[in-house]
Amino acid sequence: MHIGEHLYLVGSEQFGLSHPLDCNCYLIDGGSALALVDTGFGLGIDDIVANIEADGFDPARLTHILLTHAHYGHFGGAAELRRRTGAQVGGPALGAEIMSDPYKEPGMRYNIQYNRYPPGFEANACPPDFVFGDGEMITVGDISLKAILV
C-alpha cells in the first residue's frame, strides 16, 4: 500500500495486511536498494513478502531490515526475512541483547504464560548485523535515514 513518497505499508494487523500479532511494517524504496522497517511477529512473513511484490518490488532487492525496537512483534520475522533475502538486520544498540535472546524480554515471558501466542510458539533470535544509536544516519540506496531513539 503506497502511503508516501518512497514509502509503502506492507504489513499490519491494524489494516489486515498480515498476521494479527504484527505491527505496522514499512518498505522504503531507496531506488537502488530497499529497506523494511520492522518485520512483525514472524507469522505473517509470507503476507509481507506478497505485499512487497504486489507493490511492484522484488524482495530480493531488500538490503536492509531496520528494527525500531526490541519487541518481538517488531522483530520476530527478522531472522527468516534475513535468511530469505540476505538483507542486513540493524537495530538499536540497546535492543541487541533481547534480539539475540527474545526470552530476556519480560513481556515475552508474560505473553507465553498467559497464552497470548499460538500453541507451540517458539521465538526466533535475530542478533543484529549492525546496531545504531540516536542520531546515526543509515543509507538505503539514494535515501538517508536518521535514527531517532526516544
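Some notes on this structure:
- Computed from the C-beta positions of A93 and D46 and an R0 of 22 Å, the FRET efficiency is 0.10 to the nearest 0.05.
- Mean-square fluctuations from a GNM of the chain, with a 10 angstrom spring cutoff on Cα atoms, peak among V37, V49, V89 at V49.
- Per residue, the accessible area of the chain comes to 50 Å², computed with a 1.4 Å probe over protein heavy atoms only.
- Among the protein heavy atoms of the chain, carbon and sulfur supply 52% of the accessible surface, probe 1.4 Å, non-protein parts ignored.
- Integer Hz, Karplus 6.51/-1.76/1.60 couplings in order for region 6-15, x for Gly and Pro: 6, 10, 10, 8, 10, x, 4, 6, 4, 9
- Couplings 3J(HN,Hα) of region 114-129, computed from phi: 9, 6, 6, 9, x, x, x, 4, 9, 6, 9, 6, 8, x, x, 6 Hz, in residue order, whole Hz [Karplus 6.51 cos²θ - 1.76 cosθ + 1.60, θ = phi - 60°; x for Gly and Pro].
- Backbone phi angles across region 92-107, fed through the Karplus curve with coefficients 6.51, -1.76 and 1.60 (θ = phi - 60°), yield HN-Hα couplings of x, 3, 5, x, 4, 5, 6, 5, 7, 8, x, 6, 6, 7, x, x Hz in residue order; Gly and Pro are listed as x.
- When every Cα-Cα distance of the chain is counted in 5 angstrom steps from zero, the calculated P(r) takes the values 2, 10, 20, 24, 21, 14, 6, 2, 0 percent.
- Extension gain for E122-S32 works out to 28.9 nm (0.36 nm per residue, less the C-alpha to C-alpha distance).
- Using 0.36 nm per residue and subtracting the Cα-Cα separation, the extra length available between E5 and D58 on full extension is 17.3 nm.
- Label-to-label distance, Y103 versus Q14, with points set 7 angstrom from Cα along the beta-carbon direction: 3.2 nm.
- Averaged over residues, the count of other Cβ atoms within 10 Å places the peptides 93-103, 52-62, 16-26 in the sequence 16-26, 93-103, 52-62, highest first.
- Amide H contacts of G11 (H built 1.01 Å from N, in plane; Pro and chain starts excluded): C25 sit under 5 Å, all sequence-distant by 5 or more or on other chains.
The values are calculated or read from the model by the stated rules, or taken from the named source; none is laboratory data. Keep in mind it's a predicted model, so treat the numbers as computed, not measured. A quick note on method: Cβ atoms are made from the backbone with ideal geometry, for glycine too, and the neighbour counts reach across all protein chains shown. Please note that ligands, DNA and RNA were not included when accessible areas were found on the heavy atoms of the full protein model with its side chains. Shrake-Rupley method; radii C 1.70, N 1.55, O 1.52, S 1.80 Å.
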